[in-house]
Amino acid sequence: MELTQDQKDLLEGKYGQGAQLAMKVQVAIGESFGAKRMVPITRSHVALSNQDADLWLAEKMVGLGAKCRVRPTVNPGFCLSYFKALGTVTDDDYAMMERTDKAYRALGAELSYNCTPYIDTNVPLFGEICAFSESSATPFVNAIWGARSNREGANSALFASITGYVPEYGLLLDENRYGNILVNVEADMTCDADYHILGMCGKKIGHGIPVFTGLPKNISKEALRNLGAELNTSGCYDMYHIPGFTPEAPDVKTAFGGKDPERVVTITNEDMAEVLEEISVDTPRPIDFAMFGCPHFTLNECQYIAKKIDGRKLAVPMWILTGEHVLAMAKRTGIYDQLEPYGAHIVPDTCPDQPCWHFLKGKIGITESPKCAYYPQRRGIHFVIRNLDTCIEAALTGEVK
Ligand code: F3S
């Protein structure tokens, strides 16, 4: 691979052992993908997970003196103060989150603890080359913003943040950004939660870059967030097109780069119902709690829930996961006061796939997000999956009809 003088200096250790290791790994990744050169990035997002391997690497890099050249935003772990007050975390879990915080702080990361930075805190411009890890983030920055990122892992995104470069391959190149699967959506797309279920149709869509037709003209950012998150729960997608809507697809022909699709798939109401039946706990049944915000909810969604609750006390606790900046705005706008006294808690910095939820083991919750239901299964927590209105109604009554 051709390297610039700065890249050679990184590789030879001029900027320390940490940067040297990061560059070595990145060059190896680039060579394995046939990259000819490394190119600079201007932003990045690291999907830290606050789990053993993640912490091991972060602390190793701190020990080797690494420091981020490009300051990455980071994924949620769990909110130390909220769960300390709740008394639901063990000393070991608490200590691990503290170590994660300390390691990423030392690396120079922006401790945003939010998995939807592409919506409001780390938003790339069209064509900007970046390194985004996190399932909903990579497809969003590529498809919606027209920025360029490969589907980085938390570790490769961290290395890119440290060196300031990524190997140029995959979605960084024009020829790899075209669609190859035509997905005709015949299903009724009536709310943002339907995009969760559409994203869960990965098995039927198959591997490649989908070009979705048949979707409504106006699609909310929350729906697009849901689509990307679930495409990478049911499959592996870093890019898609919606002709007439996403920036690189003014029409179907352009979306396919003038070629014919390799596959044509139709998604019907029956497909969506089948997927939902497969992934949700059966109903009717009582529920123990409600959880939203996987990926993290926006202020709009907090406001929507507050309006629906409309001053009524919830029958079961509700947790709404989001970023600290959304919590701050919810407090400032009075939305928080329309939720908290009624049993709907806005929790910042937190992911459902964290040990802070151990106390829900054996319980059945309700959520609108298949991804929220997917990870906590390994902790013995299961979910009914329904649209947001049904979930809110269930939280008010304590049961799903
Ligand atoms: Fe975000 Fe965690 Fe869900 S990172 S998408 S809240 S699994």
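The values are calculated or read from the model by the stated rules, or taken from the named source; none is laboratory data. Here the structure is a predicted model, which is why all the values come from computation and not from measurement. Here the Cβ is made from the backbone with ideal geometry for all residues, glycine too, and neighbour counts use every protein chain on show. Remember, those area values only see protein heavy atoms, side chains included, never the ligands or the DNA or RNA. Shrake-Rupley method; radii C 1.70, N 1.55, O 1.52, S 1.80 Å.
Worth pointing out:
- Number of the exception - I385 against (1) within 21 Å of the chain's Cα centre (by Cα); (2) at positive phi: (2)
- Exactly one residue out of N269, N232 is among the polar types (S, T, N, Q), out of contact with any helix residue (DSSP H, G or I) (no Cβ under 9 Å at 6 or more places or on another chain), open to solvent by 10 Å² or more (accessible area, probe 1.4 Å) and in contact (Cβ under 8 Å) with a residue 60 or more places away in the chain, and it is N269.
For (1) touching a Pro at 6+ places or on another chain (Cβ under 9 Å); (2) within 17 Å of E277 (Cβ to Cβ), each residue gets a yes or a no:
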| residue | (1), (2) |
| --- | --- |
| R332 | no, no |
| G343 | yes, no |
| V347 | no, no |
| P355 | no, no |
| I364 | yes, yes |
| R378 | no, no |
| H382 | yes, yes |
| E393 | no, no |
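- Out of D92, D101, sole residue that is outside any loop (DSSP other than H, G, I, E, B), open to solvent by less than 40 Å² (accessible area, probe 1.4 Å) and modelled with pLDDT of 95 or more: D101
- Search result, residues across the range 333-359 that are within 16 Å of the ligand (Cβ to nearest atom) and either in contact with an Asp or Glu (Cβ under 7 Å, 6 or more places away or on another chain) or open to solvent by less than 10 Å² (accessible area, probe 1.4 Å) (or both): I346, V347, P348, D349, T350, P352, Q354, P355, C356, W357
- Annotation note: of E270, E277, E248, the sole residue that is of a type outside the set (S, T, Y), more than 24 Å from the chain's Cα centre (by Cα) and modelled with pLDDT of 95 or more is E270.
- Any hit, the range 28-39, residues being in contact with a Pro (Cβ under 7 Å, 6 or more places away or on another chain), assigned to a helix (DSSP H, G or I) and among the aliphatic types (A, V, I, L, M): yes
- Residue count, the range 374-392 (criterion: within 22 Å of Y195 (Cβ to Cβ), open to solvent by less than 10 Å² (accessible area, probe 1.4 Å) and not aromatic (F, W, Y)): 5
- Condition check for C236 on (1) more than 16 Å from the ligand (Cβ to nearest atom); (2) in a loop (DSSP other than H, G, I, E, B); (3) farther than 30 Å from D337 by Cα; (4) of a type in the set (A, V, I, L, M, F, W, C): one failure, at (1).
- Residue check, P295 over 13 Å from T367 (Cα atoms) and outside the structural domain of K203 (by TED's automatic domain parsing): no
- Members of the range 135-168 found to be crowded, with 19+ Cβ neighbours inside 10 Å, touching a Phe, Trp or Tyr at 6+ places or on another chain (Cβ under 6 Å) and assigned to a loop (DSSP other than H, G, I, E, B), listed by number: S149
- Annotation for the range 104-118: at least one member residue is without any contact (Cβ under 8 Å) to a residue 24 or more places away in the chain and either within 16 Å of the ligand (Cβ to nearest atom) or surrounded by fewer than 24 Cβ atoms within 10 Å (Cβ to Cβ) (or both).
- Residue list for the range 125-134, filter: buried (at least 24 other Cβ atoms within 10 Å of the Cβ) and over 23 Å from C79 (Cα atoms): C130, A131
- For the range 81-106, the set of residues classified as touching a helix residue (DSSP H, G or I) at 6+ places or on another chain (Cβ under 8 Å) and either closer than 14 Å to A47 by Cα or small (G, A, S) (or both) consists of T100, D101, A103, Y104, A106, listed by residue number.
- Among the candidates I287, I305, residue that is surrounded by 21 or more Cβ atoms within 10 Å (Cβ to Cβ) and over 15 Å from I346 (Cβ atoms): I287
- Of all the listed residues (V275, V281, V264), the sole one being β-branched (V, I, T) and more than 30 Å from A315 (Cβ to Cβ) is V264.
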